[in-house]
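FYI, it's all coordinate maths here, none of it is from the lab. None of the values given here were measured: they were computed from a predicted structure. So basically every Cβ, Gly included, is an ideal-geometry build from the backbone, and we count neighbours across all protein chains shown.
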Amino acid sequence: MTNGSNPPYKRILLKLSGEALRSPGSMDNISPEIVARIAGEIADAHRQGGLEIALVVGGGNFWRGAKASVRGMDRATADYVGMLATVMNALALQSAIERAGVPCIVQSAIEMKNVAEPFIRLKARNDLADGKIVIFAAGTGNPFFSTDTTAALRASEINAEIVMKATSVDGVYDADPKKVPDATRFDTITYQECLRRELKVMDSTAFTLCMDNKKPIIVFDMHTPNNITRALLGERIGTIISQEH
Ligand SMILES: Nc1ncnc2c1ncn2[C@@H]1O[C@H](COP(=O)(O)OP(=O)(O)OP(=O)(O)O)[C@@H](O)[C@H]1O
Ligand SMILES: O=c1ccn([C@@H]2O[C@H](COP(=O)(O)O)[C@@H](O)[C@H]2O)c(=O)[nH]1
């Protein structure tokens, strides 16, 4: 049940799938309509819940470094391309969130001063406290990482209470539900179990960082309208990953 007046988490790191910004069957990497819908949902939760919301967005709608390196490209270079892709997504989201009525800034881990502020942890914390939404772009700034790991890292740095992963599946399964149609979904699962079973819904570095820093994770489907607002306001959807079952 949504508890708009007293949401359980006040400072949240929301990781948005880059892949989910693309509309199915379209040539566009970013769908302005989908971005506007997501921004509206985030703005609603921000207003209703009085929340501090930081965002990390993936880049899978444009590029994944590991896939390009399998095809012969230098891995570090491919990863920098991927990090730049996340900046494009961040700018699209920033503009849409501002249009939805909430002030929003982008901080980039790779300096890009004409379009984004540099990543400065304390400024991000102050901006969140001042009611702005902060988008962390360009991943960690380092190759060989992912935006899920970025989400875990930034959540720890800003002392967010939880990491919410908004993606294209409705939770964590015992196998990839896109490949194994009769996979079984978990309501709750521990970090250790995810690592032991090598579940690929997030990479192991991200799981480990969340585990070590005691950040619970919620994995939920962002295609269902209003799910982002519902999750941010504390409604019980998706799968919760934590220390305890
Ligand atoms: N055990 C599992 N349970 C749920 N999803 C899984 C599992 N194993 C693999 N997946 C896959 O993980 C994907 C989500 O993670 P992934 O990081 O690849 O995408 P994303 O975060 O949505 O996109 P982006 O990289 O653009 O941000 C799902 O689309 C799903 O197919
Ligand atoms: O810290 C980081 C974060 C990301 N990358 C590269 O960007 C792409 C896109 O991110 P996803 O998490 O896959 O959506 C990723 O595949 C990496 O190539 C990075 O190098 N470092």
If R₀ is 41 angstrom, what is the calculated FRET efficiency for the pair Leu122 and Asp74, using the beta carbon separation as r and rounding to 0.05?
0.75
Per-pair calculated FRET efficiency, R0 = 45 Å: Glu98 and Gln192 via Cβ, rounded to 0.05
0.65
Of the candidates Arg121, Arg22, Arg64, which one comes out as most mobile in a Gaussian network treatment of the chain with C-alpha springs shorter than 10 Å?
Arg121
Around Ala68, with a cut-off of 14 angstrom between Cβ atoms, what is the net charge of the other residues, counting Lys and Arg +1 and Asp and Glu -1?
+2
Set of aspartates and glutamates with alpha-carbon distance to Lys10 below 19 Å, sequence-local pairs under 8 removed
Glu41, Asp44, Glu52, Asp127, Asp130, Glu157, Glu161, Glu235
Using only DSSP helix segments of four residues or longer, with each worth -39500 (n - 2.57), what per-residue ellipticity at 222 nm results for the chain after dividing by its residue count and rounding to 500?
-11000 deg cm²/dmol
